[in-house]
Amino acid sequence: ITGPFFSGSTADGDLLSFSATKLTTPDGQTTGNRAENVIARIETAPGSKLQVRADLIVLDIPDDLATLTGDVIIDTSNGYRIDTGALSSKLSEVLLIAPGAVAAQSPMGDLTAGNMTVKKPNSAENAQMLFSGGVKLVYTPN
(Lines give C-alpha, C1' and ligand atoms only; values in the text may rest on other atoms or scores of the structure.)
Protein backbone atom coordinates (compact mmCIF):
# COMPACT_ATOMS: atom_id res chain seq x y z
CA ILE A 1 0.00 0.00 0.00
CA THR A 2 1.41 3.41 -0.87
CA GLY A 3 0.64 6.43 1.28
CA PRO A 4 -0.87 4.57 4.28
CA PHE A 5 -2.32 6.57 7.16
CA PHE A 6 -3.55 5.36 10.54
CA SER A 7 -5.00 7.32 13.45
CA GLY A 8 -6.71 6.56 16.71
CA SER A 9 -6.81 7.42 20.38
CA THR A 10 -5.88 5.74 23.62
CA ALA A 11 -8.29 5.04 26.47
CA ASP A 12 -6.91 8.19 28.17
CA GLY A 13 -7.81 10.37 25.16
CA ASP A 14 -4.30 10.73 23.71
CA LEU A 15 -4.28 11.08 19.91
CA LEU A 16 -1.97 8.85 17.84
CA SER A 17 -1.38 8.86 14.10
CA PHE A 18 1.18 7.64 11.62
CA SER A 19 1.79 7.95 7.91
CA ALA A 20 4.38 6.37 5.64
CA THR A 21 5.37 6.22 2.01
CA LYS A 22 4.81 2.46 1.70
CA LEU A 23 3.32 -0.39 3.78
CA THR A 24 3.95 -4.08 3.12
CA THR A 25 3.21 -7.38 4.81
CA PRO A 26 6.25 -9.68 4.57
CA ASP A 27 5.63 -13.07 2.96
CA GLY A 28 4.40 -15.71 5.37
CA GLN A 29 3.48 -13.26 8.13
CA THR A 30 -0.05 -12.60 9.26
CA THR A 31 0.49 -10.33 12.26
CA GLY A 32 3.14 -7.82 11.17
CA ASN A 33 3.35 -4.97 8.70
CA ARG A 34 6.41 -2.98 7.64
CA ALA A 35 6.24 0.68 6.69
CA GLU A 36 8.95 2.90 5.24
CA ASN A 37 9.68 6.60 5.84
CA VAL A 38 7.35 6.93 8.79
CA ILE A 39 6.04 10.00 10.58
CA ALA A 40 4.17 9.33 13.82
CA ARG A 41 2.45 11.97 15.91
CA ILE A 42 1.34 11.78 19.52
CA GLU A 43 -0.72 14.45 21.23
CA THR A 44 -1.48 13.74 24.86
CA ALA A 45 -4.82 14.76 26.34
CA PRO A 46 -3.09 17.35 28.60
CA GLY A 47 -1.47 18.91 25.50
CA SER A 48 2.13 17.75 25.00
CA LYS A 49 3.07 16.78 21.44
CA LEU A 50 5.68 14.47 19.97
CA GLN A 51 6.57 13.83 16.36
CA VAL A 52 8.63 10.73 15.55
CA ARG A 53 10.30 10.10 12.19
CA ALA A 54 11.93 6.79 11.30
CA ASP A 55 13.26 4.96 8.26
CA LEU A 56 11.28 1.80 9.06
CA ILE A 57 8.52 0.69 11.39
CA VAL A 58 7.28 -2.83 12.06
CA LEU A 59 3.72 -2.88 13.40
CA ASP A 60 2.54 -5.86 15.41
CA ILE A 61 -1.05 -4.93 16.26
CA PRO A 62 -1.94 -8.18 18.11
CA ASP A 63 1.06 -7.62 20.43
CA ASP A 64 0.32 -3.85 20.73
CA LEU A 65 3.86 -3.01 19.59
CA ALA A 66 5.56 -0.79 17.03
CA THR A 67 9.31 -1.09 16.47
CA LEU A 68 11.01 1.83 14.73
CA THR A 69 14.53 1.54 13.34
CA GLY A 70 17.03 3.38 11.20
CA ASP A 71 17.46 7.09 11.74
CA VAL A 72 14.84 7.71 14.46
CA ILE A 73 14.21 11.37 15.34
CA ILE A 74 11.82 12.63 18.02
CA ASP A 75 10.77 16.29 18.16
CA THR A 76 8.78 17.46 21.18
CA SER A 77 6.58 20.49 21.78
CA ASN A 78 8.79 21.52 24.70
CA GLY A 79 11.89 21.94 22.52
CA TYR A 80 13.70 18.58 22.54
CA ARG A 81 15.13 16.91 19.43
CA ILE A 82 16.23 13.35 20.17
CA ASP A 83 18.17 11.04 17.84
CA THR A 84 18.44 7.28 18.33
CA GLY A 85 18.82 4.13 16.26
CA ALA A 86 15.80 2.19 17.55
CA LEU A 87 12.59 2.87 19.40
CA SER A 88 9.75 0.62 20.52
CA SER A 89 6.29 1.92 21.26
CA LYS A 90 2.98 0.67 22.54
CA LEU A 91 0.07 1.32 20.18
CA SER A 92 -2.57 1.65 22.89
CA GLU A 93 -0.81 4.05 25.29
CA VAL A 94 1.97 6.62 25.41
CA LEU A 95 5.02 4.46 26.10
CA LEU A 96 8.17 4.83 23.97
CA ILE A 97 11.44 3.07 24.79
CA ALA A 98 14.82 3.75 23.18
CA PRO A 99 16.88 0.78 24.43
CA GLY A 100 20.16 2.13 23.09
CA ALA A 101 22.09 5.37 23.00
CA VAL A 102 20.26 8.67 22.51
CA ALA A 103 21.57 12.14 21.71
CA ALA A 104 19.36 15.14 22.37
CA GLN A 105 19.35 18.85 21.84
CA SER A 106 17.28 20.46 24.56
CA PRO A 107 16.43 23.92 25.84
CA MET A 108 19.07 23.32 28.56
CA GLY A 109 21.84 22.15 26.21
CA ASP A 110 23.11 18.94 24.61
CA LEU A 111 22.35 15.64 26.31
CA THR A 112 23.49 12.05 25.75
CA ALA A 113 22.27 8.93 27.53
CA GLY A 114 22.47 5.15 27.32
CA ASN A 115 18.69 4.85 26.88
CA MET A 116 15.40 6.71 27.25
CA THR A 117 11.76 6.12 28.13
CA VAL A 118 8.82 8.41 27.37
CA LYS A 119 5.67 7.65 29.34
CA LYS A 120 2.66 9.18 31.01
CA PRO A 121 2.49 8.57 34.77
CA ASN A 122 -1.31 8.83 34.64
CA SER A 123 -4.03 10.10 32.33
CA ALA A 124 -4.06 13.64 33.75
CA GLU A 125 -0.34 14.34 33.30
CA ASN A 126 1.82 15.16 30.30
CA ALA A 127 4.35 12.67 29.03
CA GLN A 128 7.69 12.49 30.85
CA MET A 129 11.09 11.75 29.31
CA LEU A 130 13.34 9.64 31.50
CA PHE A 131 17.00 9.41 30.47
CA SER A 132 19.29 6.83 32.08
CA GLY A 133 22.42 4.79 31.51
CA GLY A 134 25.21 7.35 31.84
CA VAL A 135 23.45 10.64 31.28
CA LYS A 136 25.63 13.60 30.29
CA LEU A 137 24.27 17.13 29.96
CA VAL A 138 26.35 19.98 28.61
CA TYR A 139 24.42 22.90 30.06
CA THR A 140 24.15 26.00 27.90
CA PRO A 141 22.66 28.91 29.86
CA ASN A 142 20.62 31.52 28.01
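Give me the percent of accessible area attributable to carbon and sulfur for the chain, probe 1.4 angstrom. The C+S portion of the solvent-accessible surface of the chain is 52 percent.
Applying 1/(1 + (r/R0)^6) with r as the Cβ-Cβ distance of Ser17 and Tyr139 and R0 = 30 angstrom yields a FRET efficiency of 0.30. Shape call for region 90-142 from the C-alpha gyration tensor, a ≥ b ≥ c root eigenvalues: rounded (a/c under 1.5), prolate (a/b greater than b/c) or oblate? Oblate is the answer for region 90-142, as a/c is 1.5 or above yet b/c matches or exceeds a/b. For the chain, the relative contact order is 15 percent, taking Cα pairs closer than 8 Å that sit 6 or more residues apart in sequence and dividing their mean separation by the residue count. With a/c under 1.5 counting as rounded, go ahead and sort region 43-142 into rounded, prolate or oblate using the C-alpha gyration tensor (a ≥ b ≥ c being the square roots of the eigenvalues; past the cut-off, prolate if a/b is larger than b/c, else oblate). Oblate, since a/c reaches 1.5 and b/c is not below a/b.
When Lys136, Lys120 are compared by accessible surface with a 1.4 Å probe, the order from highest to lowest is Lys136, Lys120.
Multiplying the sequence separation of Thr112 and Asn126 by 0.36 nm and subtracting their Cα-Cα distance, what value in nm do you get? Each step should come with its number before you reach the end.
Values: separation 14, 0.36 × 14 = 5.04 nm, distance 2.24 nm.
Additional length available on full extension: 2.8 nm.
Counting only protein heavy atoms and a 1.4 Å probe, region 1-135 has 51 square angstrom of accessible area per residue.
The values are calculated or read from the model by the stated rules, or taken from the named source; none is laboratory data. Treat the numbers as computed from the prediction; the structure is a model and nothing was measured. No Cβ is skipped: glycine too gets one built from the backbone with ideal geometry, and neighbour counts run over all protein chains shown. All accessible areas refer to the heavy atoms of the entire protein, side chains included, with ligands and DNA or RNA removed. Shrake-Rupley method; radii C 1.70, N 1.55, O 1.52, S 1.80 Å.
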